[in-house]
Amino acid sequence: MANLVQDKVYDAKNGLESGSHSDPEKTVGETFTIPVGMALDASAATPPEYNEYLQLKAHFDANPKQFRRMMILLDIRILPMLFLYYLLNSLDKANAGNVKIYTFLEDTHMTSNQFNMALTWYFFTYAGLEAPSNMMMRRFGPRLWLSALVTLWGAVTLGSAWCRSYHDYCACRVLLGVFEAGLFQGCFYTLSCWYLPKELQSRCAWWYSATMLSGAFGGLLAYAVGPLQGRLGLKQWQYLFIIEGALTMFFGLIGFILCPDFPETWKRPLWFSHEEMRYIKLRVRYHNGPVAPDETFRWSVFWEAVKDWKTYFVASLLAFGGSVPTYSVNYTLATMVEGLGFSSIRAQAMTAPPYVFAFFCVIAIAWYSDKYQCRARSLLISYTVGTVGIIILWASLYHESLHSLSYFALFLVVAGYNMQAPAVGSWLGTNVRNPAKRAAAMGWQSTWGQLFGGCIGANIFVSSEAPTYRSGFIVLIVLVVVGGYGACIGNWYCLRAANLKKDRTPPEEYEGKYTEEQLSKMGEYSPYFRYIL
């Protein structure tokens, strides 16, 4: 028999029952909701772990300095390796645009169209394997899975230095897609397992800022290898592949020791006390109330994620509001800057400042989004910054005397379309409660987002239309408006409608209707869960 826990809320100050309320839910403290009228097993009104969580939360609420110290130490333990992995990942992706302005095409006997096609092959394996990779990471943990992927794609990057033909480069790009597939969403997912919704986007932003630093560092590295032409019989582009590949392999091997795992399998580091480590693990499980999410690993949750409408809205945001402009800019930025009148070597260095500016913009919009819990609004701001930059850039490219304006517009483009990424990843991550389903959903939305976004983004700016790239800019603006702005507003509307429907349902309709196990498996479809907008 199941009994009802009627009209009780839990005081976050002392972890004890207090008061009597008729509301179907009661917000306690800052981060979690206590469902009232929920059916629980007769043997215990609430799970013992949940009572332990309430006591720990009361302790840390009363000791804010200890809590801040704990969170700083957690950030230091979780973020650096994931940041480094994504920095290396972004470097290896961006080097395609950097090697192109050296003698790579001539040395490998490739045309510009063949080069674009080789870039496209990458996205078929990269996109197709993201969801399976996320599921495998859920099984084996990020420490083993992500570190193995990093080491293997570093070996592929290193081997790319000896490409001699179009077919060689295609093979390298296909293998690169196989091993890089799990990194992007794998890192997003790992962060979603460690941080609460109100903390997630700012952490995702610090992690994602690696891509801006890679844009800056990649351009400077490409500039640095410029004088190495002919040294030891190697070309500039070969040095670029060798340096980046060797660094990636080195840090991938270190990651087998230093990369974080999931909370439930993580051993306590020396600098955390037992109660701190216990609170870190319990707060993610119980911040929504006494019903913990179902953490059972099942392949069937993949199909639940595939059928979920939320997955496809976010896939559109990732593809058309993010991947298309990001990839198109990454692969052509150095060429565009060179077209502004700079030499090929100086053009590499001039790609760095826009990414430095973008770094600060990404952190600022993430702070705003987490403070006000407004994912949709922060996305619309980001798209607007990027789209204004695109329009200014397109118009200024028709006038040779406006090179300074064109270069300024690149700052807005790079900043705007990088600002949106942490919000996209954290929006789905915070609105899918079951950890295994979240892994599948984030992988599946990324599959479609990267496949469409990457394939389109790598091919819309063709060299025959330089320097104005008319067709590329038209396609880019249309896709951002429809797939970015449109999907963002659509997702916000549907999530808001779902919340309002739950709010309008009288509590007596579901009081005593579900067991704790049923509520756990329902995840975000539980009548007590509310989506973040």
Volume per residue that the Cα convex hull of region 193-239 spans, once the total is divided by residue count, Å³: 79
Relative pair counts by distance (%), Cα atoms of region 228-298, 5 Å bins: 3, 12, 13, 12, 11, 10, 8, 7, 6, 7, 6, 4, 1, 0
Percent breakdown of C-alpha pair distances by 10 Å bin, ordered from the shortest bin, for region 158-205: 23, 31, 20, 19, 8
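Based on Cβ point charges of +1 for Lys and Arg and -1 for Asp and Glu, what charge dipole magnitude is obtained for region 79-201 about its Cα centre, in debye rounded to the nearest 20?
320
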Signed unit charges on C-beta, dipole axis of the chain, positive-most listed residue N491, H59, F272: F272
More than 32 Å apart - percent of Cα-Cα pairs taken over the chain: 44
Cα-only Debye scattering, region 466-516: base-10 log of I(q)/I(0) at q = 0.22, 0.23, 0.31 Å⁻¹: -0.84, -0.86, -1.04
Contour excess over end-to-end distance, with Cα ends at A497 and F408 and 0.36 nm allotted per residue: 28.0 nm
Extension gain, N63 back to S273 (0.36 nm per residue minus Cα-Cα distance, nm): 74.2 nm
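Would you please put 503-513, 193-203, 82-92 in order of how densely packed they are, using the mean number of other Cβ atoms within 10 angstrom per residue and starting with the highest?
So the order, starting with the most tightly packed, is 82-92, 193-203, 503-513.
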Span-like helix ranges in the chain, DSSP H, alpha carbon extent 20 angstrom or more, Kyte mean at least -0.5: 64-100, 112-128, 142-159, 166-180, 197-224, 236-258, 324-339, 352-372, 375-396, 403-431, 435-457, 487-504
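Using only the alpha carbons of region 338-480, what is the convex hull's orientation-averaged projected area in square nanometres?
On the way: hull surface 38.0 nm².
One quarter of the hull surface, i.e. the mean projection, equals 9.5 nm².
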Most positive-pole-ward Cα, T151, V174, V225, against dipole of region 142-290 from beta carbon charges: T151
Under-5 Å amide H pairs with L234, H placed in peptide plane, nonlocal only: none
Student exercise, the chain dipole from Lys, Arg, Asp, Glu Cβ charges, in Debye to nearest 20: 440
Histogram of C-alpha separations across region 157-316, 5 Å bin width, %: 1, 6, 9, 14, 16, 14, 11, 10, 7, 5, 3, 1, 0, 0
Mean residue ellipticity (222 nm) of the chain, computed from DSSP H runs ≥ 4 via -39,500 (n - 2.57), nearest 500: -22500 deg cm²/dmol
Dipole axis of the chain (+1 Lys, Arg; -1 Asp, Glu on Cβ), positive-most option in Q201, G472, M110: M110
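Every number in this text was worked out from the coordinates using simple rules, so none of it is lab data. Fair warning: this is a prediction, and the values are worked out from it, not measured in the lab. Quick reminder, even Gly has a Cβ in these numbers, built from the backbone with ideal geometry, and neighbours come from all protein chains shown.
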